[in-house]
Amino acid sequence: MGLDLEYINHQTALDEDEKEGLLIKSISTRAELDEFEQQNIERAIAWTMKKRFKISDILNEEFVRKLHKKMFDQTWRWAGEYRKTNKNIGVDKFYIGIEIKNLLDDCKFWVENKSFSEDEIAIRFKHRMVHIHPFPNGNGRHSRLIADVLIEQGFGKPVFSWGSGSLAPQCDLRSEYLSALFEADKDNYEPLIKFARK
Ligand SMILES: Nc1ncnc2c1ncn2[C@@H]1O[C@H](COP(=O)(O)OP(=O)(O)OP(=O)(O)O)[C@@H](O)[C@H]1O
Ligand SMILES: [Mg+2]
């Protein structure tokens, strides 16, 4: 079976030039890629746990990119770099930088003004992040991990459960997760907030 990076269940398809960014040439199946990415992400989680990040350390552009880089640096050459092509999801590539800056400013405002509960701030941040879709791939996982770092290290609360199961394609939880995201697209954050603590 060849490397299958098709658009499945709302996963972003990779462009030819992005497939070329694969650092491990021996990877030939989707399962091998998933496994490799997972190990890379586990190293990134270990890195976040060794550090103590304050809210101001997390809510800046350098951290947004650095976290993605740490999650995928052994797997993809473009880890930590914003996408250079447009996708079926996300803002136009030209607006990624400005949209990220707006999101970081908004999130700092929510924190300073206690606009929402801490869970809701982290979930709104996660949703806007994945909506911008800054990176060629890994946006879902990056947005969930950055929300986990914000809630745990920034706010001192337990990390999210994200439905307490696999969100891989074809898993039942994935459709529930995507439905909750679609509600958040319509400004209804309750389903995603509940899902994140399920
Ligand atoms: N219509 C949509 N609106 C908002 N977000 C979406 C939509 N469809 C998919 N997503 C988000 O985009 C993510 C997929 O993007 P991408 O492939 O870059 O991330 P990933 O980390 O590889 O995927 P996953 O979240 O499955 O681990 C989904 O997990 C979901 O969070
Ligand atoms: Mg993907």
Starting from the range 155-182, take each residue that is within 12 Å of ligand 1 (Cβ to nearest atom) and list its partners that are modelled with pLDDT of 95 or more and among the basic types (K, R), counting only C-beta distances under 7 angstrom and pairs at least six apart or across chains.
W162/R144; G163/K198; L167/R174; A168/R174
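Against the definition (under 19 Å from K194 (Cβ atoms), without any contact (Cβ under 8 Å) to a residue 24 or more places away in the chain and within 16 Å of ligand 1 (Cβ to nearest atom)), how does R144 come out, yes or no?
Numbers: under 19 Å from K194 (Cβ atoms): yes; without any contact (Cβ under 8 Å) to a residue 24 or more places away in the chain: yes; within 16 Å of ligand 1 (Cβ to nearest atom): yes.
Spelling it out, R144 is indeed under 19 Å from K194 (Cβ atoms), without any contact (Cβ under 8 Å) to a residue 24 or more places away in the chain and within 16 Å of ligand 1 (Cβ to nearest atom).
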Of the residues in the range 122-148, how many are farther than 16 Å from K101 by Cα, more than 16 Å from ligand 2 (Cβ to nearest atom) and either surrounded by fewer than 23 Cβ atoms within 10 Å (Cβ to Cβ) or at pLDDT below 95 (or both)?
1
Say whether the condition of being within 16 Å of ligand 2 (Cβ to nearest atom), closer than 16 Å to V64 by Cβ and in a loop (DSSP other than H, G, I, E, B) is met by at least one residue in the range 85-97.
yes
Cβ-Cβ under 8 Å, sequence separation 6+ or interchain: first residue in the range 25-46 and at negative phi, partner at pLDDT 95 or above and among the acidic types (D, E). Which pairs?
N40/D73
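I need the full set of residues from the range 135-156 which are under 16 Å from R124 (Cα atoms) and not in a helix (DSSP H, G or I), in order please.
Within the range 135-156, the first condition is being under 16 Å from R124 (Cα atoms), and the residues that meet it are 139-152, 154-155.
Correct list: F155 only.
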Which condition number does S115 fail, the rest of (1) near ligand 1 (Cβ under 9 Å from one of its atoms); (2) free of Cβ contacts under 8 Å to residues at least 40 places away in the same chain; (3) among the small types (G, A, S) being met?
(1)
Does G163 satisfy being surrounded by 15 or more Cβ atoms within 10 Å (Cβ to Cβ), under 30 Å from K19 (Cβ atoms) and at pLDDT 95 or above?
yes
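The values are calculated or read from the model by the stated rules, or taken from the named source; none is laboratory data. Please read these numbers as outputs of a predicted model, since none were measured by experiment. Here Cβ is always computed from backbone atoms with ideal geometry, including for glycine, and neighbour counts include all displayed protein chains.
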